[in-house]
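Inspection log for the structure reproduced underneath, given as structure tokens.
Just so it is clear, none of the values below were taken in a lab; they were calculated from the coordinates. Everything quoted here is computed from the prediction, not taken from an experiment. Don't worry about glycine lacking a Cβ; one is built from the backbone with ideal geometry, like all the others, and counts go over all protein chains shown.
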Amino acid sequence: MTAATSSVKALNCTSCGGTLSLRAAGYTVSMVCEHCGVTLDTTDPQLRVIAQATAALRRPLIPLGTRGVLRGETWEVVGYLERSDGEDGWSEYLLFNPYRGYGWLVDDGRRFNYGFLLDSLPDMDGAQIVIDQGRGLDHDSGPYPVEVKFVVGEFYWRVAVGERVQVTDYVRPGTTVSCEENDSERTWSKLDLLEWGEAERAFGVEPRRPNSGTPSPAEPSPWRDRLMESWIIGAIAAVTLLIIAAMSSGTQRLASVDAQVGLEGAPRTVVIHGIQIAGHSSAIRISAQSDQLDNDWIDLDYSLVDKRTQESFDAYGLAEHYSGSDSDGSWSEGDTRPKTRLSSVPPGTYDLVVELSAHRWVQNASTSFFGAQTGMVDPNPTLVPVTINVDRGGMFAGNVILGLILILIWPGFVLWRHLAFEQRRRGSSDDDDDDDDDWDD
Amino acid sequence: MKFSSILYGVFCVLILAVFVQTSRTGFSPFADGGARGMGRGGYGFYGPTHK
């Protein structure tokens, strides 16, 4: 669009006599007096009054006549109107450049959008529309009625308060295409979402800060890039951690001993001498195995004693097996092969002292704390075999789980913020049935 | 790449480094005993928990 002739022309309002500046002379069809609010016909040399003022004049955030450079184009604000769909309202600034024509700056109260009328019809592709052979835009809302609530300045059509159109919106991240229809015409316009502060810098108004208000349907999630990056980094780190865990899970048998302990007999002590831990500190796993337990348990008190320093690493194990039947059928439980893990045992030579005591479990007897149920020692107990193995190394599952949790905290937080944003964004859209997969591309 | 992603990458490297070191020395706060292990708890809990 070009302007062969364009100049600022001084006029006087035929209603109030106030001085007016006609900025887009030759293009402007109607003009709303910024002093009294009447609508004037600028195509009439007598500046005929089209409509009387219907509302008290308000001052736009960006005053009429303000010039600014937006995305490389110099614009002057020539018109301002406020519209509403009955629930939400927004402001639209008509921009003019004699060489570029008209543009729009739309303020939804949170962010600014910048755009133009389309000079060609969008292509329909199923439920989407396509412009400029680019990505499609999904139907977002409408058609819904929109009414002009306030207007001031000059326009290329005869706009007046109360003017109604039916609007249908199509969106993709960062872009809205709106179709406006009334009885006589249908127009398409494309609006691009501006960065925070971009319009404010261009026209010299107070910049807005990113806030948690309701985003527009076309606003892409500010967490989307972080989400992609954090999940990629997190996945790499998690896989690396699992590989390290798998490579570190090997064990080395240090000692093994077979022993017997009498059920309800006197406790027995078994000592495994000369367990060598060479090189560096490492985890020690003491595992007991007693597969002949039947409604019995064995207490296993371990003391791994450094022969040089007499430092003792103590732990406890419990081998047990119980079974029975009730109204639900038969049941069994218990671990006959308990594993006890010692953390970071320093290198050295150790003796493992194991104190074993085996007991029968009698139903309906006390099964709560400490000590055998009878307190009696059987002089001729039934012997139960127990095998005790000592291994070096292995991986603590708790360490792996803790590492994965720490790695996934940030991606989880970003995902939560992203979903919260998307929920708010979808809350501002009328069309809940839309497929929002594209928004995560 | 966002600065927060770079920081997160550094954090992951630190986590992996700590994990490698704990794997090498066999340290775990979840051990039943040993150096700085939290332990399994008290003695004497025996008997089935069935019903």
Practice task
With θ set to phi - 60°, apply the Karplus curve 6.51 cos²θ - 1.76 cosθ + 1.60 along region A:270-281 and write out the HN-Hα couplings as whole Hz, x wherever there is a Gly or Pro.
Solution key: 10, 10, 9, 8, x, 7, 9, 10, 9, x, 10, 4
Problem - Given charges at beta-carbon only (K, R positive; D, E negative), |dipole| of chain A in Debye - result: 1860
Completion exercise
Within region A:106-142, DSSP-loop trypsin sites (Lys or Arg not before Pro) with at most 14 other C-beta atoms within 10 Å are A:R135
Problem - DSSP-loop chymotrypsin sites (Phe, Trp or Tyr not before Pro) across region A:202-245, with at most 13 other Cβ within 10 angstrom - result: none
Completion exercise
Sorting A:S323, A:S221, A:P145 by the position of each Cα along the dipole of chain A (Lys, Arg +1; Asp, Glu -1; all at Cβ), the one nearest the positive end of that ordering is A:S221
Completion exercise
Normalised Cα Rg of the protein assembly as shown, dividing by 2.2 N^0.38 Å with N its residue count, works out at 1.70
Exercise for the section: Just flag the GluC sites (Glu not before Pro) in region A:263-331 sitting in loop per DSSP whose Cβ has no more than 14 other Cβ atoms within 10 Å. Expected result: A:E311
Completion exercise
Where a ≥ b ≥ c are root eigenvalues of the Cα gyration tensor, a/c under 1.5 meaning rounded, otherwise prolate if a/b exceeds b/c and oblate otherwise, region A:221-310 counts as prolate
Completion exercise
With Cα springs under 10 Å, the Gaussian network model of chain A assigns the largest mean-square fluctuation among A:D306, A:D123, A:D326 to A:D326
Completion exercise
Scoring region A:9-220 by relative contact order with C-alpha pairs under 8 Å, at least six apart, yields a percentage of 18
Practice task
Would you mind checking which residues have amide H under 5 Å from A:L254's amide H? H placed 1.01 Å from N; only 5 or more apart, or other chain.
Solution key: A:V390, A:D391, A:R392
Practice task
Could you pull out every one of the lysines with an alpha carbon less than 29 Å from that of A:K9, ignoring same-chain neighbours closer than 8 positions?
Solution key: A:K149
Exercise for the section: Could you let me know the centre-to-centre spacing of region A:158-236 and region A:301-327, using Cα atoms, in angstrom? Expected result: 66
Exercise for the section: Write out the cysteines belonging to chain A for which the nearest other cysteine Cβ is not under 4.7 Å, or none if no such cysteine exists. Expected result: A:C179
